[in-house]
1. Could you tell me the relative contact order of the chain? Use alpha-carbon pairs under 8 Å, at least six residues apart, and round to a whole percent.
2. With every protein chain present, what accessible area does R39 have (1.4 Å probe, heavy atoms only), rounded to the nearest 10 Å²?
3. If you average the alpha carbon positions of the stretch 34-98 and of the stretch 108-185, how far apart do those two centres end up, in angstrom?
4. Mind putting a number on the dipole of the chain about its Cα centre? Charges go on the C-beta only, +1 for Lys and Arg and -1 for Asp and Glu, and I need it in Debye to the nearest 20.
5. Heads up, I need the accessible area for T119: 1.4 angstrom probe, whole protein in place, Å², nearest 10.
6. Can you give me the accessible area per residue for the stretch 125-198, using a 1.4 Å probe, in Å²?
7. So which DSSP H runs in the chain come out at 18 Å plus along the axis (Cα) with average Kyte-Doolittle of at least 1.0?
Amino acid sequence: MDSSSTRRQATRQKLFEAAVTLIAEQGFSSTTVDEIAERAGVAKGTVYYNFASKTVLFEELLRHGIELLTASLQSAADETAERGGSHVDALDAMVRAGLHFIARHPSLTQLYVAELWRTNRPWQSTLMVVRRQAIAVIESVLREGVAARELSEDIDIPLTASALFGMVLVAALDWQSYQPERSLDDVHAALSRLLQGCVGGAPAQGAGAPAEGARTPG
């Protein structure tokens, strides 16, 4: 990658970071291009050089952020497979990766969750595409787990994948907003137990023993 491309990527990243912070603080409509430029430490013209409008900037911000989350989930699944872990282990690793990502990017996640329900937005189709990509990663692991007989054939794969994705998003935001004193390990352990009940697999390696009285697969 040449130096001009590197500089442009760095500038776009600064604009993304400025925009996500401002929009999370005061909303999309109330945030101006001038404010984004000032927060990023660039000229207003630099914003328009990189993005045709504030709407395009925000759409690309959402796309970029969720693609990073998707890559994080895929990496967690791949690394688990390379270590010889089970598909339930891979799902558990994806839960942890999602929590870690959201802890690093809480404002982005808040905006994404809020915008999912605003169907009249010009970036709605983009959100649906990147959401589909993220959930497809989870679906792939679920299908492989069913094929390997680690998971029940009765699992509704599309709905289960969506449920797991939503669980991580909402639980992480609740953690960041209302229970910040809890550690990532603590929150992950709680969601790991929910995961076992959701997919009906054996306990993920390192996730702790099942709760007392919990049913185990026969």
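1. In percent, rounded to a whole number, it is 20.
2. Surface open to solvent at R39 totals about 120 Å².
3. Value for the Cα centre distance between the two parts: 14 Å.
4. Charge dipole, the chain, about its Cα centre: 620 debye, nearest 20.
5. Approximately 110 Å² of T119 is accessible to the 1.4 Å probe.
6. That works out to 52 Å² per residue.
7. Result, helices passing both filters: 157-178.
The values are calculated or read from the model by the stated rules, or taken from the named source; none is laboratory data. Please read all numbers here as calculations on a predicted model, not as lab measurements. Cβ coordinates were reconstructed from backbone atoms using ideal geometry, including for glycine residues, and neighbour counts include every protein chain displayed. Accessible surface is based on the protein model in full, side chains and every heavy atom, while ligands, DNA and RNA are left aside. Shrake-Rupley method; radii C 1.70, N 1.55, O 1.52, S 1.80 Å.
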